[in-house]
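Written out below as structure tokens is the structure these notes cover.
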Amino acid sequence: MALKIKANVVAPTDPLPLDEQLAFSLYGALMAINRTYKPWLDELGVTYPQYLVLSTLWEDDGQTITAIADRLALEPSSITPLVKRLEQADLLGRKRNSADERQVHVRLTDKGRSLRTQTRRLTETLGRRSGMTHEQLVALNGQIKALRDAFARPLGQASSAGTKVRSAESG
């Protein structure tokens, strides 16, 4: 059994209490953000994963299912059912590439494009609920992306993320 110095201090051999675990804090934040988004997304008639597919197409319309999956760090087999439901809602359309039938291109419909303006409320609500300034949220997002990228790299591969975060903070 590990020796504890104070009642609230954990010895190095003990697991960290939940509130000190980064993954638990990130998970809790994600759940709280999703609960904030849910009423707005329900009103729009889409789920959060569907919203991510739409957001990918709002950035660059006409992508393949594989490109959407790559952008969202998911498998194409996870994207296909989302795209089918969005197509049934007339928010996008699919078309097979005539030169390579394995490729399915996805394009927003007029209805899908018009939905984008309504999602601005999501960003505004998130900013307001966070109690953070726009600049603080941008900085936090940059740090979280650097963390995500660090964990996405193969084990042992060098990281330049610390340099990126420091330069973002100083600039």
Going highest first, how would you order 147-155, 118-126 by mean Cβ packing within 10 Å? 118-126, 147-155
Local charge sum around Thr36 (other residues, Cβ-Cβ under 14 Å, Lys/Arg +1, Asp/Glu -1)? +2
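Can you sort Val104, Val138 so the residue with the fewest Cβ neighbours within 10 Å comes first? Numbers along the way, then the final one.
Values: Val104 19, Val138 12.
Ranked by crowding around the Cβ, least crowded first: Val138, Val104.
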When only C-alpha pairs under 8 Å and at least 6 residues apart count, what is the relative contact order of the stretch 35-101, in percent? 21 percent
Could you pull out every one of the aspartates and glutamates with an alpha carbon less than 20 Å from that of Lys111, ignoring same-chain neighbours closer than 8 positions? Asp42, Glu43, Glu59, Asp60, Asp61, Glu87, Asp90
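Each value in this text was obtained by applying a stated rule to the coordinates, not by laboratory testing. This is a predicted model, so every value here is computed, not measured. For neighbour counting, all protein chains shown are included, and Cβ atoms are generated from backbone atoms with ideal geometry for every residue, glycine included.
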